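Inspection log for the structure reproduced underneath, given as structure tokens.
The values are calculated or read from the model by the stated rules, or taken from the named source; none is laboratory data. None of these values were measured; they are calculated from a predicted model. Don't worry about glycine lacking a Cβ; one is built from the backbone with ideal geometry, like all the others, and counts go over all protein chains shown.
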């Protein structure tokens, strides 16, 4: 299938913006999903095509964090199994089920999370995490559900991971940036393979998005590591992205 010339440019630009937003906060996939559906892809194909860019952007970001000594992947061990398992199940469901009900569900989740984020902002702006003695069963369930949602729809999962890490696992928001990126990298691998197997990935657009998202992720990772106010700016962007997501879901659909 061939597209007009502007679609190729739009794909790279949308990918770069999504990659930057996704690496720092989340919901960047709302940008790419909207763009893919704008150029004529059905929602399920857009959902699948978006995953290649998510994988490449998270690969670039993870490598950048690790290369600069900012990724403590050992501390993410307890979150890997539940999130990957949830993602596999969620992706299997996405291959066969439409997203309209889930689309409204995430809108409700975003409204709830906006209040969660705005209440006691000092929890988000703390430099160091609190004591991380948590109920392991509860944490397992939380990250399983986040992984399930990520496998099903992806858009907004970065915000859910921030909430899970900061409020559930007691990490600082700055530390959660690299850890959430690491988890996204891991659970996107099986999700992408399932979507490829289902034949729903449009490779031409997927590759262009992945180029843009890789660029955006690289820029965002360097920003997170070097900017002294990264936590403050990430918190602000988190609020803006959540509000934009709510507007997109309830008023622009």
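Selection of the stretch 187-231 for residues being more than 21 Å from residue 20 (Cβ to Cβ) and in a loop (DSSP other than H, G, I, E, B) yields 199, 200, 201, 202.
When residue 225 is tested against (1) without any contact (Cβ under 8 Å) to a residue 60 or more places away in the chain; (2) under 19 Å from residue 65 (Cβ atoms), only condition (1) is not met. Only one entry in 196, 207 is modelled with pLDDT of 95 or more, farther than 30 Å from residue 81 by Cβ and over 15 Å from the mean Cα position of the chain (by Cα), namely 207.
Okay, residues lined up against (1) modelled with pLDDT under 95; (2) surrounded by fewer than 24 Cβ atoms within 10 Å (Cβ to Cβ); (3) under 21 Å from residue 12 (Cα atoms); (4) touching a strand residue (DSSP E or B) at 6+ places or on another chain (Cβ under 6 Å):
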site	(1), (2), (3), (4)
191	no, no, no, no
200	yes, yes, yes, no
216	yes, no, yes, no
220	yes, no, yes, no
227	yes, yes, no, no
239	yes, yes, no, no
247	yes, yes, no, no
252	yes, yes, no, no
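When the stretch 154-186 is filtered for residues that are closer than 16 Å to residue 29 by Cα and not in a helix (DSSP H, G or I), the ones remaining, listed by number, are 154, 155, 156. In this structure, is residue 158 in contact with a helix residue (DSSP H, G or I) (Cβ under 6 Å, 6 or more places away or on another chain) and either modelled with pLDDT of 85 or more or under 19 Å from residue 245 (Cβ atoms) (or both)? Judged against the criteria, residue 158 is a match.
Residue 239 passes every criterion in (1) out of contact with any helix residue (DSSP H, G or I) (no Cβ under 7 Å at 6 or more places or on another chain); (2) under 26 Å from residue 70 (Cα atoms) apart from (1). Would you confirm whether or not the stretch 4-15 contains a residue that is crowded, with 24+ Cβ neighbours inside 10 Å, under 24 Å from residue 161 (Cα atoms) and in contact (Cβ under 8 Å) with a residue 12 or more places away in the chain? Yes, there is a match, as at least one residue in the stretch 4-15 is crowded, with 24+ Cβ neighbours inside 10 Å, under 24 Å from residue 161 (Cα atoms) and in contact (Cβ under 8 Å) with a residue 12 or more places away in the chain. The requirement of being in contact (Cβ under 8 Å) with a residue 60 or more places away in the chain and over 18 Å from the mean Cα position of the chain (by Cα) is fulfilled nowhere in the stretch 149-168; no residue meets it. Kindly indicate whether any position in the stretch 87-94 is free of Cβ contacts under 8 Å to residues at least 40 places away in the same chain and surrounded by fewer than 24 Cβ atoms within 10 Å (Cβ to Cβ). Within the stretch 87-94, not a single residue is free of Cβ contacts under 8 Å to residues at least 40 places away in the same chain and surrounded by fewer than 24 Cβ atoms within 10 Å (Cβ to Cβ). Of the helices (runs of 4 or more DSSP H) lying entirely inside the stretch 23-139, those carrying at least 1 residues that are at pLDDT 80 or above and either within 23 Å of residue 193 (Cα to Cα) or under 17 Å from the mean Cα position of the chain (by Cα) (or both) are 29-38, 43-67, 77-96.
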